[in-house]
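S.K.: Have a look at this one before I ask anything.
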Amino acid sequence: MYVTIYNVCNYIQCIISSLTTDTLTNIDRYFVLLWPISRADYLRPIFHFREINYSVFAVCKSQVIQEFIAGLETHMEDPERFRNCLLPCGFNILTCFPVCCSSVSTFQESLFRMLLGIEMLQTLVINTLLEKLPEFMLDGTGDGGLSIPRIIINQLKWLDRIVDSKELAAKLMELVSVAPVDVQRDIITSLPEILEDSQHNDVAGELNSLLQENTQLTVPILDALSSLSLSASLLTEVRGAVMSTLAAVKLEDLPVMVKFIFHSVSASDAYEVRSRVHSVLHLKSVCSSSSAAGLTEPHEEQRGSSVRRRCSQDSVALVLDAIKSAVRFQKTISEAWLKAIESVDEADDHKVIDLLVLFILHSTNANQSRRGAERVLKLKVRTGLIQEALLQKTFRDYSQVMRGYFSSILALAQCLLRSPDPCVVPFGGHMYRHSFTVFDSYCQQEVVGSLVTHVCSGVGGEVDMALELLCGLVTEKPSEMAVYAVFVKGILDYMDNLTPQQIRRLFHLLSRLAFGRQQQGSHIQDDMHIVIRKQLSSTVPKYKRIGIIGAVMVIGSMGACRPKAKETQTESLPSETFRQVTGLLELVKSSSESSPEAAALYYDELANLILSSTLDPPVQEQIAQSVLSDFQNDFVVDVGPEITGSLPFPARVMYNLEEDESQACIAINLLPLLATDIQSKAEQRVSALCLSPFFRLLRLCEEKQHQGDLEEIDGLLGCPLILTDMDVVEKIESLSKTEREFLCSLLFHAINWFREVINAFCKQTEIEMKIKVLTRLQNITYLHTLLEKALAATPGFVPPIANFDGESVEGVSLSTIAPVNKAKKGRKRKAPGKNSSESISQLEEVTEADETQQPEKEKEKDVRQGVSLGSYRQFFRELDVEVLSVLQCGLLSRTLLDSELQTKVREEVVLGPAELVFLLEDMLRKLEFSLTAGPAKRAPFLKGRSDKSVGFSHLQQRSSKDIASCCVQLLPALCSHLENSHNYFQTLLSENNGVVDGPATDAQEHQLMSSVYQLLLQVLNASFSWSGFRQPAQRSLLKKALGVLAGRLKEGGAELTQEQLVKHSFEYLLNLRSTMPNLSTALCLSQLLCTVSERGGNPAAYRQQIASLAKHFLSQNWVTANGEKERGNKFNEALHTLLSVYLEHVDDVLKAVEEIAEEGISELLKVSKDESSASWPTLSRQTVLVFYKVMMAELEKAVRKIPAGKINDSSESEKLLTWNLAVRDFHILVNLVKVFDSRPVLNVCLKYGRLFLESFLKLGMPLLDFSFKRHKEDVQSLLKTCQLSTRQLHYMCGHSKIHQDTSLTNHVPALKKSLELFVYRVKAMLLLNNCQEAFWMGNLKNRNLQGEEILSQRSQGSEDDDDDEEEEEEEQEEHSLPQEQLEDEDDITDDSE
């Protein structure tokens, strides 16, 4: 039975009043006493006061409730009792109900928590608690770590129902306004667990206002807002407020703010939010300041700085974790980060956070994010926007944070190092280097292991960079690298995949580790000795070469000069080490004596060692003495009255430069040595093959010992050679094959001797020396002409080797030797074994024109030129970079005196055109090898090793920056030669009244000067194209280079900005446009202007001038010095590039294409076969293919740049007009195949026609979808024009199949697919605009290129099934738009019947 409400309340009051500290732990026993009056069920006792809500207080009156609350308040007056009521209770059921329960303990809520579960009491109990809370606000944390305000707030969490949520929210926010910070934090963070959803927006608005007022509450407010259900508008407002305070917030609060921003962003706002965050987000670091302060602060302050630095790193790590969480679970966030980083277009705008985010994106499991991070990083590094300085700052200040992303950093470094783009490879190297420097030993081991993997890959650029990094680490961190010497030693097993230069670098770093000053890696010394001795004893030339290179590198490390620690003097080499060095020298020398090639390689390697390192003086002296005595004994002879012996040709002393020939008492014994080589096939100690390498070693030893003075050997510059009379070359046809080959070998050796002589003495400053150097240059150019004639008469000849570190020293296969050019039936370029039908890039007219070349001209070229020596470059000794300083020589003169010291004759020497061509060609090759780097330099897959690096062994040992600096120093001389060439042609034009082929024109001199002019422009272009100029560290060098060009036009270049320098340099070069001798030179000038304009900050400002210049060249008649029009493959290639330059820089590509296609082609059709267009003189029947291919390619490229159409696009009309112009140009070009129906033209049309259609379907059709209703007539006209083009393409497909031309039919399937897609895409457009009834399809008949029906298909129904393959049937659409317009389009529908 139930008792009265009043008695229950009294009973509760009695229970409450009886609560004491002693009964705290057993408080639930008193609640059990309510069981008899609350329920007549003996099976289950009451443990929760909420049961009373449905039984006892069902009809409770307010008076009784007030009395209950009053009693409760009286009980709460005692702080201890109040505390006990707030704490949870626990009791043992077995103690209370031993009959029905086993021994089970349970945990019970606090008294107030139970009372809050009674709805009738809830509001009053809440008010009572909140009124009580201010009494404890300032008490802080009590005994046992209990905070009364926090416990009070906890009572309100997770209630089943809140009777008056609005009032509760108001009271809580009121408390927040007056409470201390600690209590404010507790209240704010508890709000999501207290309030109902209906109050979330109101509370969020108040919290947003509070966030603006009090930054101390940033973290709790954002924590609360993250858990509240907010409307989209309010969330946007709150997020904007948070982002506005992001720049001024403390670093420790940053993680919470970033987490809130990114976890609350929607897909539509992701990019905007990310951009705003990026603009204000700065990761503050105390690393640099702390480390600097640590030098002067006491130990305690240093420890405090360390703690602050660690806290800073932890905060940054939390920020990155927040970003990582966002990008991992929200694809839109990762895409927004990538897009925002990609949109930054200034290097200074990139921040550390950008690199860190890229590492985060790469570390996620999503392949799309990983690939996106790789792509963006490559793009930014390639364009110079993310630079090494930013990477260095990131590693320096955030090493602890980045350690967590080491795997991603390593993977990105591997990706960059393997990239075919050389612009990004160094950045990958920097990532490796910084990772090794700042991370722990585990990471260092991984870095070394990864670099060793790169080296063993065998890919050229990858191996070079990895070896360079390992060498740098050995130099910077020898102690750390010594631990991993065993890893590096493992590369010795993969040396078969390495080039000689790479082997040289590998042994350099291994010898530094094993035999360095500290000898940290001494445990691999024995392995090094074993490998070297094994390779030296090998009879295989390849392995002997490896042994020689390795032994010389070890000699360099063991015999290196060792400075003392605290003195300027050097420490003497230990006697045992000196003995080992000399012993190794003797071993290498004795091992290489059996082979002239091996001996020559040994001399070259030893010369490189002396040049690049400083050996101990005793070692250096011993080498020099041995070399000097051996050279005199082996190669220098006294000139006697007669040279006897069994020689193939009569010996003669030639090329003596001494003033008195009678004083020439020594000569180089070349002819007898070479004859001995050929006659004696057995092993011999002295060979003519070793002459040039041995002299190089001798010269470098003398330079090293005498600080660059070569006085002791300067007699070798002017001393003669024992050769034979060169008149024999004129009658070489009458000689036997052996004699011809001997003569060719003799010429090669003589030229290589002169090249080494020039290498040795080019840096001498005396006038007499300079004159002799120029004379030797003239000797080389003259011998080149003789050698060309000799080689032309000696097909299949393999020259003697000159570069001994190549892949094969035993000989070169005949396939590497260029075939002899022979004039036959007037054809110059017809390749043997090639059918003219196999060429797809040359018109039949071109071939016919080549066949009609005058035979006199062909014979003249053959007599003068013979063969091209460019194919034999690997058989010439390499010229040093210092030789290019000869370009600075002007007119040199000296006075020759007789015996009475009276003037006998005045000799003048000047650098002539032939010598200029020789030097400029060598300089251009060097620049293209060192500075002009690109993907094309990588060897193709499954192709033999390229010989492009042969002949650049010395150049490879110098950095690209050194080469660029050398070019800048030579720029004044190059500009002088450029101006001289300009003046030469200007004078020639003025003398011939403006024509090139005047009667006073010397054809040979004109060709040489044209080559000089073109080479000078190419050298300048290669210099300014260096990608290193994009780096901030090289800006001063770029300004210096631009200042040289600008200074030729205007003085005071030092005060000008880089943009002004570019402007003046551009104007200086533009002044040369009036004296271009041929189209190739004009193209070089245009390319140089493009390159210079890109070095400024606004390349677009020069586009119009470049386009105008290119058009001027295209509109000019180009004739040779003989009065004939330029033609041929080289002319067509230059024309192709120049036309591309014009269309790439013109303002309106579509208009330019239309102008050429309509005006130029129309004029060409009206003139005879050999004439050209009047407005475009370079457009003839021989070059129409070039024009057609470039126009199609540029048209397709232009339409790809048109933005895709969107709904409610403001530029809709403009885009529609652009597409109309593009489709009209396409129609004109496609219809040209009716006139020019040669296979190359059809091939171009099929290829680019498909690409144009694909771009139209992807970018143009979406625009038509949205423009159809507003621009119905324009859309209809566009589709009608496009339909005519697609129909002609269909006819071309049929033509290709009928003629069974595989080069054409290869394009047909893909083109057919695009045509079909076009049909159904138009149908979809009409369906979208509710005009599907205006669309119908019919069978389009097969026709030929002229539109005539193919007659063989009239009997299609009676043909056998086997003939079905020859039938083409294409569905074609009628683009009639409104139904009522169909009658206006009968001309179209008739063709489709």
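S.K.: Can you name every residue in segment 1061-1071 that is open to solvent by 10 Å² or more (accessible area, probe 1.4 Å) and out of contact with any Lys or Arg (no Cβ under 9 Å at 6 or more places or on another chain)?
M.R.: Lys1063, Leu1070, Asn1071
S.K.: A follow-up question, please. With the structure loaded, tell me whether Leu1221 is modelled with pLDDT of 85 or more and open to solvent by 10 Å² or more (accessible area, probe 1.4 Å) or whether it fails that test.
M.R.: Values: modelled with pLDDT of 85 or more: yes; open to solvent by 10 Å² or more (accessible area, probe 1.4 Å): yes.
Yes; evaluated as a whole, the condition is true for this residue.
S.K.: Among all residue pairs at least 6 apart or on different chains, which show Cβ distances below 7 Å where the first residue, located in segment 108-130, is in contact (Cβ under 8 Å) with a residue 12 or more places away in the chain and open to solvent by 30 Å² or more (accessible area, probe 1.4 Å) and the second is basic (Lys, Arg) and not in a helix (DSSP H, G or I)?
M.R.: Glu119/Arg161
S.K.: Could you list, in sequence order, the residues of segment 460-473 that are closer than 13 Å to Arg512 by Cα and open to solvent by 10 Å² or more (accessible area, probe 1.4 Å)?
M.R.: Cys471, Gly472
S.K.: Next question. Is it the case that Ser1255 is surrounded by 18 or more Cβ atoms within 10 Å (Cβ to Cβ), assigned to a helix (DSSP H, G or I), at pLDDT below 90 and hydroxyl-bearing (Ser, Thr, Tyr)?
M.R.: It is false that Ser1255 is surrounded by 18 or more Cβ atoms within 10 Å (Cβ to Cβ), assigned to a helix (DSSP H, G or I), at pLDDT below 90 and hydroxyl-bearing (Ser, Thr, Tyr).
S.K.: Of all residues being part of a loop (DSSP other than H, G, I, E, B) and at pLDDT 75 or above in segment 331-370, which is nearest to Ser399 (Cα to Cα)? Just the residue, please.
M.R.: If we take residues in segment 331-370 being part of a loop (DSSP other than H, G, I, E, B) and at pLDDT 75 or above, then Lys351 is nearest to Ser399 (Cα to Cα).
Conditions tested, residue by residue: (1) touching a residue at least 12 places away in the same chain (Cβ under 8 Å); (2) open to solvent by less than 70 Å² (accessible area, probe 1.4 Å); (3) over 22 Å from Arg418 (Cβ atoms).
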position: Ala336; (1), (2), (3): yes, yes, yes
position: Ala340; (1), (2), (3): yes, yes, yes
position: Glu346; (1), (2), (3): yes, no, yes
position: Lys351; (1), (2), (3): yes, yes, yes
position: Val357; (1), (2), (3): yes, yes, yes
position: Ser363; (1), (2), (3): yes, yes, no
position: Arg382; (1), (2), (3): yes, no, no
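S.K.: To continue, here is another question. Restricting attention to segment 523-543, report how many residues are among the charged types (D, E, K, R) and within 22 Å of Met481 (Cα to Cα).
M.R.: So the answer is 2.
S.K.: Take the residues in segment 1102-1138 that are open to solvent by less than 50 Å² (accessible area, probe 1.4 Å) and of a type in the set (Asp, Glu), then tell me which one is nearest to Pro1177 (Cα to Cα).
M.R.: Glu1126
Listed here are the residues, each with its yes/no results for (1) under 60 Å from the mean Cα position of the chain (by Cα); (2) under 22 Å from Asp197 (Cα atoms); (3) at pLDDT below 85.
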{"position": "Glu131", "(1), (2), (3)": "no, no, yes"}
{"position": "Glu135", "(1), (2), (3)": "no, no, yes"}
{"position": "Leu138", "(1), (2), (3)": "no, no, yes"}
{"position": "Gly142", "(1), (2), (3)": "no, no, yes"}
{"position": "Ile148", "(1), (2), (3)": "no, no, yes"}
{"position": "Ile151", "(1), (2), (3)": "no, no, no"}
{"position": "Ser165", "(1), (2), (3)": "no, yes, yes"}
{"position": "Ala169", "(1), (2), (3)": "yes, yes, yes"}
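S.K.: Polar (S, T, N, Q) and under 19 Å from Ala466 (Cα atoms): which single residue out of Ser511, Ser538, Ser557 fits that description?
M.R.: Criteria check complete, one pass: Ser511.
S.K.: With respect to Phe1266, is the statement that it is out of contact with any strand residue (DSSP E or B) (no Cβ under 8 Å at 6 or more places or on another chain), open to solvent by 10 Å² or more (accessible area, probe 1.4 Å) and part of a helix (DSSP H, G or I) true?
M.R.: yes
S.K.: Something else: So which residues in segment 700-712 are touching a residue at least 24 places away in the same chain (Cβ under 8 Å) and either open to solvent by 10 Å² or more (accessible area, probe 1.4 Å) or hydroxyl-bearing (Ser, Thr, Tyr) (or both)?
M.R.: Listed by number, the residues that qualify are Lys704, Gln705, Gly708.
S.K.: Continuing with this model, one more query. Inside segment 365-377, can you point out the residues that are closer than 15 Å to Ser419 by Cβ and basic (Lys, Arg)? Walk me through how you get there before you give the answer.
M.R.: We begin by selecting, within segment 365-377, every residue closer than 15 Å to Ser419 by Cβ; these are 371, 373-377.
Within segment 365-377, Arg371, Arg375 meet the criteria.
S.K.: Six or more apart or on different chains, Cβ under 7 Å: which pairs go from a residue in segment 1163-1188 that's over 21 Å from Pro1240 (Cβ atoms) and of a type in the set (A, V, I, L, M, F, W, C) to one that's part of a helix (DSSP H, G or I) and open to solvent by 10 Å² or more (accessible area, probe 1.4 Å)? Could you list them?
M.R.: Filtered contacts from segment 1163-1188: Ala1174/Glu1163.
S.K.: Quick one: is Glu576 open to solvent by 60 Å² or more (accessible area, probe 1.4 Å), of a type outside the set (Lys, Arg) and at pLDDT 90 or above?
M.R.: Considered against the rule, which asks whether it is open to solvent by 60 Å² or more (accessible area, probe 1.4 Å), of a type outside the set (Lys, Arg) and at pLDDT 90 or above, Glu576 comes out as no.
S.K.: I need the full set of residues from segment 721-750 which are surrounded by 15 or more Cβ atoms within 10 Å (Cβ to Cβ) and hydroxyl-bearing (Ser, Thr, Tyr), in order please. I'd like the intermediate steps shown before the answer.
M.R.: Our first condition is that a residue be surrounded by 15 or more Cβ atoms within 10 Å (Cβ to Cβ); within segment 721-750, this holds for 721-724, 726, 728-729, 732, 735, 739-750.
Across segment 721-750, the qualifying residues are Thr724, Ser745.
S.K.: Follow-up question, since we're still on this one. Going by the conditions given, is Leu717 part of a strand (DSSP E or B) and open to solvent by less than 20 Å² (accessible area, probe 1.4 Å)?
M.R.: no
S.K.: For His1290, work out the one condition from (1) closer than 20 Å to Arg1321 by Cα; (2) at pLDDT below 90; (3) out of contact with any strand residue (DSSP E or B) (no Cβ under 6 Å at 6 or more places or on another chain) it doesn't fulfil.
M.R.: (3)
S.K.: Looking at Ser1180 and the list (1) within 22 Å of Leu1311 (Cα to Cα); (2) at pLDDT 90 or above; (3) among the small types (Gly, Ala, Ser), which single condition is not satisfied?
M.R.: Failed condition: (1).
S.K.: Here's something else I'd like to know. How about segment 1026-1047: which of its residues are part of a loop (DSSP other than H, G, I, E, B) and surrounded by 21 or more Cβ atoms within 10 Å (Cβ to Cβ)?
M.R.: Correct list: Trp1026 only.
S.K.: Of the residues that make up segment 1270-1288, is at least one closer than 17 Å to Val1223 by Cβ and outside any helix (DSSP H, G or I)?
M.R.: Within segment 1270-1288, one or more residues are closer than 17 Å to Val1223 by Cβ and outside any helix (DSSP H, G or I).
The values are calculated or read from the model by the stated rules, or taken from the named source; none is laboratory data. On a predicted model such as this, the values are computed, not experimentally measured, just so you know. Neighbour counts are summed over all protein chains in view; Cβ atoms, including those assigned to glycine, are modelled from backbone coordinates with ideal geometry. Accessible surface areas use protein heavy atoms only, side chains included; no ligands, DNA or RNA. Shrake-Rupley method; radii C 1.70, N 1.55, O 1.52, S 1.80 Å.
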